[in-house]
Amino acid sequence: MKKKNFLIVAVLLVGLSIYSCKKQVNPALDSVTQTAAAGSASYLKSIVLGTYTKLQGLTANNAMLLTSEETTDALIVPGRIGGDWADGGVWQQLWLHQYPPSHGNISGAWDNAYNTIGAINITIGLVQSLPQTTSTAYSIAELKTLRAYFYFLLLTNFGNVPLLTSSSQDASTVKTSSATEVYNFLIGELKANGPILSSKTPAQDPSQYGRLNKWGAYFMLAKLYLNQNVITGSSDNSGFTACSTYCDSLATSGYSLSSDFLSNFSSTNVTSPENIFVIPYDHIYATGLQIQMMTFHYNQAAKYNWGSTGGPWNGFCSNADYFGKFNTADTRRAGYQFGIQYAADGVTPLTTRGSDSSLVLNFRPAVSNLYTATEYDGVRQQKWALVPGYQSQDADFALFRYSDVLLMKAECLYRLGTPSAALTYTAPVRQRAGLANFSMAAFTIDSLLNERAREFVWEGWRRQDLIRYGHFGDPRQFKPAPDGDAHWQLFPIPTEALQKNPNLTQNPGY
């Protein structure tokens, strides 16, 4: 009920609250109305909640989270026999690190982020136009923290980007800020605004569900410091020390590991003690999470009553190299669908389409060809709970999880020279997965990278992780040579963005 109430309120107020704010809370109108609005936490909350609905676009196949994953070893989108997912080779360009500035997914990721930042800036301006109270200060801090998240995505994917912090700025003339400038801006914003926000988890205060609180801000600070050397070009350990400190703060937050890994992705994951910040989804009130449509086979439609939805589309998968990172005893492996697939009766094997010889549908890890793969090549992702009969899923998409805090802490300790202490933090994550902890003799920095690969499949962290560990440009299937240089670690500034604003500077190498 908490989830449904949040979503209904957010959907209803995404336009209504801003309209009413413009109409009723205007300096030319009654100042009593302005004062009442400024002192009403519920009114201000309604304005802020409207901006959170923008998050729902982040999991589209051409938005930031999945586009970043599509450039990594975790998610491959091969063209299929019959021509599906060919699309001029755009999906394969991401896998091969051959993406041009005109790439539609990269442009879509950019537009989604800046459209959201623009909407947040407008809302901040509206709240700032009210008489200032403790309630308005809270709302502004929350909005700036949400804006920081979108700048965090831009920074870690594009690097050098324009900083738009007011709706009065002309987006067609603003110049590019360096990655270091954006990094310093975000550190300052989060340190200033995070402590203003609630320190209660959604379990302690249901009104915090689906929103950024103090701990969400601290999580972002930990991530920024963890990636400090990559972002700014520094080479010391100060970032790891600061990240470790914020992880210690998060350890006191009240969040904890869920006992069951897959419960973090269930349709009732609103109650997860692990999920620090989520995108609330619902197949009716907040649609948009459609990962099962992108990954499952066309002929699974009848099994899940998806015939009327036009899907699934048999695209996204993981190959044998990535799937091979999972021990057969690893309970997280159940997040994948593999082997023979059956109809709803559990007995009748499904088949491929006639264009692929109507073979038994047996998902295999091997991907035979990047451009003409069989319909059953690649294992499929099913960890987000399925909703039969609907194109969108009910599970919330967890952006920040407490297991990440544990693995960030472990990484910092390892990099700071105390790998034995790091094992204290890998132990609970591996224990939950049904695995023994690493032995000290076999524990390396890449052990942590591989653990992150298993823990955060398709959650938007793999690109960052590979870059930080120095493996983003490594050879992989269908890409036998390493990247010639590091410029692929940043996406190009999209062609359309450069056309709209000639003051922007293209990233090196494009």
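The values are calculated or read from the model by the stated rules, or taken from the named source; none is laboratory data. This is a predicted model, so every value here is computed, not measured. In this analysis, Cβ positions are derived from the backbone assuming ideal geometry, glycine residues included, and neighbour counts consider all displayed protein chains. When the accessible area is computed, the model is the full protein with side chains, heavy atoms only, and any ligands, DNA or RNA have been set aside. Shrake-Rupley method; radii C 1.70, N 1.55, O 1.52, S 1.80 Å.
Remark: the Ser40-Ile122 segment gains 27.6 nm on full extension, using 0.36 nm per residue and subtracting the alpha carbon distance. What the chain shows is 36 Å² of accessible area per residue, with the surface traced by a 1.4 Å probe over protein heavy atoms.
For the pair Gln169 and Ala481, the difference between a 0.36 nm per residue extended length and the Cα-Cα distance amounts to 107.9 nm.
Using only side-chain charges placed at the Cβ, +1 for Lys and Arg and -1 for Asp and Glu, the dipole size of region 297-362 relative to its Cα centre rounds to 100 debye. Put the Cα centre of region 284-357 next to the Cα centre of region 431-467 and the gap is 25 Å. Computed over region 209-326, the percent of Cα pairs more than 26 Å apart is 47. Split the accessible area of the chain by element, probe 1.4 Å, and carbon with sulfur accounts for 55%. At q = 0.11, 0.15, 0.21 Å⁻¹, what log₁₀ I(q)/I(0) does a Debye calculation on the Cα points of region 389-497 give, no solvent, two decimals? Those come out to -0.48, -0.80, -1.16, one per q. Taking amide H atoms as placed 1.01 Å from N in the peptide plane, the amide H of Ala373 lies under 5 Å from those of Gly79, Arg80, Ile81, each 5 or more residues away in sequence or on another chain. Long hydrophobic helices in the chain, taken as whole DSSP H segments with a C-alpha length of 24 Å or more on their own axis and mean Kyte-Doolittle hydropathy at least 0.0: 2-24, 104-128, 134-158. Here the chain is assigned +1 on the Cβ of each Lys and Arg and -1 on the Cβ of each Asp and Glu. Its dipole about the Cα centre then comes out at about 820 debye. Among the trypsin sites (Lys or Arg not before Pro) found in region 114-186, those both in a DSSP coil and sparsely packed, with 12 or fewer other Cβ atoms within 10 Å of their Cβ, are Lys175.
Computed from the Cβ-Cβ distance with R0 of 35 Å, the FRET efficiency linking Ala137 to Thr424 stands at 0.35. What pairs from Lys200/Lys325; Lys144/Lys200; Lys144/Lys479; Lys45/Lys303; Lys214/Lys409 go past 30 Å between their alpha carbons? In this structure, Lys200/Lys325; Lys144/Lys479; Lys45/Lys303 exceed 30 Å between Cα atoms.
Its residue count N fixes a reference of 2.2 N^0.38 Å for the chain, and the Cα radius of gyration divided by that reference is 0.97.
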